[in-house]
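The block underneath contains the structure these notes are about, expressed in structure tokens.
Nothing in this text is a laboratory measurement; each read-out follows from the coordinates by a stated rule. What you see is a predicted model; the values in this text were computed from it and never measured. Cβ coordinates were reconstructed from backbone atoms using ideal geometry, including for glycine residues, and neighbour counts include every protein chain displayed.
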Amino acid sequence: MSGKGAPQLSVENCPDLRVAVVAAQWHAQVMDGLVDGALRALRELRIDEPALLRVPGSWELPVVAKVLASRGYDAIVALGVVIRGGTPHFDYVCQGVTQGLAQVSVDTRVPIGFGVLTCDTEEQAFDRAGLAHSKKDAGHEAVTAAVATAISLRARHRRVPQWP
């Protein structure tokens, strides 16, 4: 993803949202940047008590997201990083995590901010991790997207009572 054409999201009226962040532990420095960016975004949105759960790797994100959705969270942010190696493992993990998180979101109607970096190189991951030298802050962006979607669903629900 080039980042070109990204929307400028404006998020307001959300301090009462329950938001959970679930983050993998592989690639600690990259993950620390993603988690820091996510927590900074939540503070900026005045969401004071987000849940933060750490899981072994990106593969575990969908199952934990599903449990969190069943516990009444308004939005979930999934953070992870998968870096291509020399085997098809990368493809299987990326596809499984992506499809798993999408399925959880559709099934539960809880927005999931997708902050899973799927990179060819470690350098690409560092460039997206929200660190001091990074070009992107994917953790922050994932929070903003999830919360904006939750607010949109809340507003839609209030205007259209028959919404399923």
Residues (part of a helix (DSSP H, G or I), surrounded by fewer than 22 Cβ atoms within 10 Å (Cβ to Cβ) and not polar (S, T, N, Q)) located in the range 11-30:
Ala28
Candidates Ala132, Ala155, Ala78 - the one that is of a type in the set (Gly, Ala, Ser) and under 17 Å from the mean Cα position of the chain (by Cα):
Ala78
Note on Glu122: of the conditions (1) in contact (Cβ under 8 Å) with a residue 40 or more places away in the chain; (2) buried (at least 18 other Cβ atoms within 10 Å of the Cβ); (3) out of contact with any Leu (no Cβ under 6 Å at 6 or more places or on another chain); (4) closer than 16 Å to Ala24 by Cβ, unmet is (2)
Go through the range 45-99 and count every residue that is out of contact with any strand residue (DSSP E or B) (no Cβ under 7 Å at 6 or more places or on another chain), of a type in the set (D, E, K, R) and touching a residue at least 60 places away in the same chain (Cβ under 8 Å).
0
Filter the range 57-111 for residues that are of a type in the set (Phe, Trp, Tyr) and part of a helix (DSSP H, G or I) and give the result.
Trp59, Phe90, Tyr92
So which residues in the range 33-69 are acidic (Asp, Glu) and within 14 Å of the chain's Cα centre (by Cα), if there are any at all?
Asp36, Glu60
